[in-house]
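For reference, the structure is listed below as structure tokens.
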Amino acid sequence: MRHRILVVEDDPTLRLVLQDNLRSEGYDVEVAADGVAGVRNIQAITPDLIVLDLTLPDCDGFELLPVLRQSGQVPIIVLTARTQQAEN
């Protein structure tokens with residue numbers, strides 16, 4: 001049985017790159033372009049791993065984390081393009 005990965009990423013280019021690379025490594029990959037679709041997919045497919053973007057169009061990835069955790073202890077890898085600013 002192949003491991004199933006859910007990629008929740010709004011950028012279509014990055015989503016496709018992740019999907020293609022993970023599939024070429026032998027994983028079953030499902031994708032979602034926003035948080036609502038991500039929650040629907042996690043309930044439908046029960047993934048072994050979630051790759052989550054923090055900057056989604058419909059919600060903040062940090063707010064989505066506890067919702068995704070309700071379905072069990074699925075490992076989550078967080079991706080972000082956010083930058084951290086130093087406090088003055």
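The values are calculated or read from the model by the stated rules, or taken from the named source; none is laboratory data. What you are looking at is a predicted structure, and each value in this text was computed from that prediction instead of being measured. As a convention, Cβ positions derive from the backbone with ideal geometry for all residues, glycine included, and neighbour counts pool all protein chains shown. Protein only, heavy atoms only, side chains kept; ligands, DNA and RNA dropped before computing areas. Shrake-Rupley method; radii C 1.70, N 1.55, O 1.52, S 1.80 Å.
Pairs are defined by a Cβ separation below 7 Å, a sequence spacing of at least 6 or placement on different chains, a first member in segment 22-40 that is at pLDDT below 95, and a second member that is assigned to a helix (DSSP H, G or I); the pairs so defined are Gly35/Leu64; Gly38/Leu64; Val39/Val67. Only residues that are over 10 Å from the mean Cα position of the chain (by Cα) and either of a type in the set (A, V, I, L, M) or at pLDDT 85 or above (or both) were counted in segment 70-88, giving 5.
Selection of segment 7-27 for residues being farther than 14 Å from Asp53 by Cα and either charged (D, E, K, R) or in contact with a Ser or Thr (Cβ under 8 Å, 6 or more places away or on another chain) (or both) yields Asp20, Arg23, Glu25.
Hand me the list of strands (runs of 3 or more DSSP E) wholly inside the chain holding 3 or more residues that are open to solvent by 30 Å² or more (accessible area, probe 1.4 Å) and of a type in the set (A, V, I, L, M).
On the way: elements: 4-8, 28-32, 49-53, 76-79.
Ranges flagged: 76-79.
Each row is one residue, and each column tells you yes or no for (1) of a type outside the set (A, V, I, L, M, F, W, C); (2) touching a helix residue (DSSP H, G or I) at 6+ places or on another chain (Cβ under 7 Å).
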{"site": "Val8", "(1), (2)": "no, yes"}
{"site": "Asp20", "(1), (2)": "yes, no"}
{"site": "Glu25", "(1), (2)": "yes, no"}
{"site": "Val31", "(1), (2)": "no, yes"}
{"site": "Pro47", "(1), (2)": "yes, no"}
{"site": "Ala81", "(1), (2)": "no, no"}
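Among the residues of segment 46-64, is any under 16 Å from Arg2 (Cβ atoms) and among the aromatic types (Phe, Trp, Tyr)? No; the residues of segment 46-64 include none that is under 16 Å from Arg2 (Cβ atoms) and among the aromatic types (Phe, Trp, Tyr).
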